[in-house]
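The values are calculated or read from the model by the stated rules, or taken from the named source; none is laboratory data. Treat the numbers as computed from the prediction; the structure is a model and nothing was measured. Cβ sites come from the backbone with ideal geometry, for glycine too, and all protein chains shown count toward neighbours. Calculation scope for accessible area: heavy atoms of the full protein, side chains included, ligands and nucleic acids excluded. Shrake-Rupley method; radii C 1.70, N 1.55, O 1.52, S 1.80 Å.
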Amino acid sequence: MKLAFSTLGVPGLPVADVLHLATTHGYHGVELRAHPEEPVHPGIDLAERADVAARFKAAGVEILGISGYARVAAPGDDEPVLDDIRSLLTLARDLGAPFIRVFPGGGTEQSAEEADATAARRLGTAAEFAADHGVRILLETHDSHRTGAAATRVLGAVGHRHAGALWDVMHTWLGGESPAESHAALSPYLGYVQVKDIASADDKTPLGLGEGVLPLAECVDALIGGEHRDGWLCWEYEKRWYENAAPLPELLGQGRDFLSRLLNRHA
C-alpha cells in the first residue's frame, strides 16, 4: 500500500515545504485540504494549478485527493452543494488528482431516510460530472453517516462507480463498528483510507500513530486481507483543529515507520 498525509496537519504550509516533508519522510502522496486559508483551493487560477501540478510531478509525489467541505446530505437547495462539488472536481482534474472528499452533513431536523435520499440524489447528479472529469467523489464516514453501514446506505442507492467511500477509521470506531465490519460494508465502494490516532473517545486530540486507542492494526489487516492491498493509507492529523497538538513534521517519520511495520507483517 502507498502512504500519504493530509495538509490538515500542516495548516497553511506552502506547497514546496509540503513536498519537502513528503520526500524527506518517504510518503508517496499528499491529500490537499481545499480551503481558502490553504495555498491550494478552488479559487486559484489555471496558471497556479499548473504550477502546483508541475511541482508535485517534479518531486515524484502524487496528489492523492482534494479534501473539500461540501455536505451532500445537508438540508436546503441542491444547487449550491452541487456547485461546490463541481468546483472541487474541476480542481482535481486540473491537478491530476483521482479523488475529491465530501462530507455527509445531514441535519438534526431530517430523518435518516430524508438525509440518505438527499445525499444519494446529489451524489448521483454529481457523479455524472465526475465521470466526465475522470475523478471519483468519495463520501467520508463522518458526522451524520459516520459508520460504514450508514455510508453504504447512500452509496448503494447511488449505484455509480464515480461515487465511492473514504473510510475515516476514527469515525467508524466511534460509531461502534469493528474494522472488519467497516471494511465489509465499505469494500465495494472504497477509494482510500484515512488513519489517525487519539487518546480516547472523549479526547480526540491527535497523537502519533500507534500512541492511542484506535485499532489501526486491525484496519490494515482487513485491507490487506481484501482487494485493497494496493490502495492508499492517508494520515489525517487534525492539527488545524487542535493547536496544542504536537507539530506533524516531527511525527511524520515515526508515522511512516509505524505504518510500514503494520504492512510488513503481511509481506
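Below, the figures for the structure above:
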| quantity | calculated |
| --- | --- |
| Region 83-117, residues that are over 19 Å from Leu166 (Cβ atoms) and either touching a strand residue (DSSP E or B) at 6+ places or on another chain (Cβ under 8 Å) or not acidic (Asp, Glu) (or both) | Thr90, Gly107, Thr108, Gln110, Ser111, Ala112, Ala117 |
| All positions within region 19-70 that are free of Cβ contacts under 8 Å to residues at least 60 places away in the same chain, part of a loop (DSSP other than H, G, I, E, B), loosely packed, with under 15 Cβ neighbours inside 10 Å and more than 19 Å from the chain's Cα centre (by Cα) | Gly43, Asp45, Gly60 |
| Members of region 90-113 found to be in contact with a Gly (Cβ under 8 Å, 6 or more places away or on another chain), open to solvent by 50 Å² or more (accessible area, probe 1.4 Å) and not aliphatic (A, V, I, L, M), listed by number | Arg93, Pro98 |
| Selected residue [within 22 Å of Ala222 (Cβ to Cβ) and of a type outside the set (D, E, K, R)] from Gly96, Gly134, Gly176, Gly107 | Gly176 |
| Members of region 114-127 found to be of a type in the set (Lys, Arg) and crowded, with 21+ Cβ neighbours inside 10 Å, listed by number | Arg122 |
| Breaking point among (1) at pLDDT below 95; (2) out of contact with any strand residue (DSSP E or B) (no Cβ under 7 Å at 6 or more places or on another chain), for Pro249 | (1) |
| Single match in Pro80, Pro11 (criterion: in a loop (DSSP other than H, G, I, E, B) and either surrounded by fewer than 23 Cβ atoms within 10 Å (Cβ to Cβ) or at pLDDT 95 or above (or both)) | Pro11 |
